[in-house]
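What follows is a single structure, written as structure tokens, with notes after it.
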Amino acid sequence: MPTEVVIDTRLKFINPTIIHYKTIDSTNAYLLGEHSHPGGTVIWADYQSSGQGRRGRRWQAPAEQALLFSIYWEHDKRKAPLHIFTFLAAVGVFEGLQQVLNCGDLALKWPNDVLLERKKICGILVQSKNSHENRYKLVIGIGVNINQPPAFFRDDLKQAGSLFSITGRRYDRVAVLRKILMAIDNGLIALDSGGADEILQRWKEYCPFIGCRIRVDTGEETWDGLFEGVGAAGNLILNDGRVRRLIHAADVSILNGE
Ligand code: BTN
């Protein structure tokens, strides 16, 4: 049975009372399902048996060690394009974690990974469901690695870490969730008053890799080149010296002076 947790009554668009499950298949799948939910509903789980990642991958985290939650949102299509929510969520997680950590090398990587000391500590999966003519119905799913021990990040998880594995400190998941939800709520407030450009601007400010050499893997092709910036549709602009490509979906790695 789910329980309700009051997170912060100052939240404006996000419902201050969130729904908590000990175990669920996936918080994204739950909100994308048949039932309808008011905009601003948040589902938070201690464990997901079928957590979903980007590009059809799985997202796994041991019970009670990560922050796994999703926000249901509806938005007027004329006010902002769908891709802005990917950036809005990343900016919200960044700003929320900034307050929790106080310092540390936090960075955003296109499209929406959050890195600490160059290790991925958070993944974001934005999915939309049967949107109506003028409204998007979307789910913003966020997984933040909080208290997994260093030994968890072995083998194919070497590029990832948790707040604990990187800082050596354990964190209270609800306290982190509160900061992130407040920051995302501020983003939704900005977007409501036409602030899509401001959100993209903040994303660029938090991404130190613009102008760096990167490798882009679309799953079908791999290109190395200069990360020139983000286009109007949220695409990554890659310049390999001969061709400038607009990348819609891919995995990106940073080529440190290679
Ligand atoms: C990525 O691959 O980087 C995105 C991972 C997103 C994981 C989160 S955990 C909470 C929410 N529920 C899911 O099933 N996935 C997202």
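Which of the residues belonging to region 139-173 are within 13 Å of the ligand (Cβ to nearest atom) and touching a residue at least 24 places away in the same chain (Cβ under 8 Å)?
Listed by number, the residues that qualify are V139, I140, G141, I142, G143, V144, N145, I146, Q159, A160, R173.
Could you list, in sequence order, the residues of region 110-135 that are open to solvent by 30 Å² or more (accessible area, probe 1.4 Å) and over 9 Å from the mean Cα position of the chain (by Cα)?
Within region 110-135, the subset open to solvent by 30 Å² or more (accessible area, probe 1.4 Å) is 117-120, 126-128, 130-135.
E117, R118, K119, K120, Q127, S128, N130, S131, H132, E133, N134, R135, listed by residue number.
Considering only region 100-107, I want to know if a residue exists there that is surrounded by 14 or more Cβ atoms within 10 Å (Cβ to Cβ) and of a type in the set (S, T, N, Q).
No - not one qualifying residue is present in region 100-107.
Considering only strands (runs of 3 or more DSSP E) fully contained in region 1-55, which possess at least 3 residues that are open to solvent by 20 Å² or more (accessible area, probe 1.4 Å) and modelled with pLDDT of 95 or more? Full working, then the answer.
Details: elements: 3-6, 17-24, 42-48.
The strands (runs of 3 or more DSSP E) meeting that bar are 3-6, 17-24.
One line per residue, one yes/no per condition, for (1) at pLDDT below 95; (2) open to solvent by 40 Å² or more (accessible area, probe 1.4 Å); (3) more than 20 Å from I199 (Cα to Cα):
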{"position": "D217", "(1), (2), (3)": "no, yes, yes"}
{"position": "D224", "(1), (2), (3)": "no, yes, yes"}
{"position": "A232", "(1), (2), (3)": "yes, yes, no"}
{"position": "G241", "(1), (2), (3)": "yes, yes, yes"}
{"position": "A250", "(1), (2), (3)": "yes, no, yes"}
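Restricting to region 227-258, what's the tally of residues that are among the charged types (D, E, K, R) and without any contact (Cβ under 8 Å) to a residue 12 or more places away in the chain? Even if it seems obvious, please write down each step before you answer.
Start the filter on region 227-258 by keeping residues that are among the charged types (D, E, K, R), which leaves 228, 240, 242, 244-245, 251, 258.
With the extra rule that they be without any contact (Cβ under 8 Å) to a residue 12 or more places away in the chain, the set shrinks to 242.
Going through region 227-258 one residue at a time, the tally reaches 1.
Mind telling me which of the residues L246, L181 ends up being open to solvent by less than 40 Å² (accessible area, probe 1.4 Å), at pLDDT 95 or above and of a type in the set (A, V, I, L, M, F, W, C)?
On the way: L246 fails: open to solvent by less than 40 Å² (accessible area, probe 1.4 Å).
Exactly one residue qualifies, and that residue is L181.
Out of region 117-157, which residues are in a loop (DSSP other than H, G, I, E, B) and at pLDDT 90 or above? Let's see the steps before the verdict.
Initial filter on region 117-157 (in a loop (DSSP other than H, G, I, E, B)): 117-118, 129-131, 133-134, 146-149, 153-154.
Result: E117, R118, I146, N147, Q148, P149, F153, R154.
The values are calculated or read from the model by the stated rules, or taken from the named source; none is laboratory data. Remember, it's a predicted structure, so these values are computed and weren't measured experimentally. Please note: Cβ atoms are built from the backbone with ideal geometry, for glycine as well, and neighbour counts cover all protein chains shown. Note: accessible area is taken over every heavy atom of the protein model, side chains too, but ligands, DNA and RNA are not part of it. Shrake-Rupley method; radii C 1.70, N 1.55, O 1.52, S 1.80 Å.
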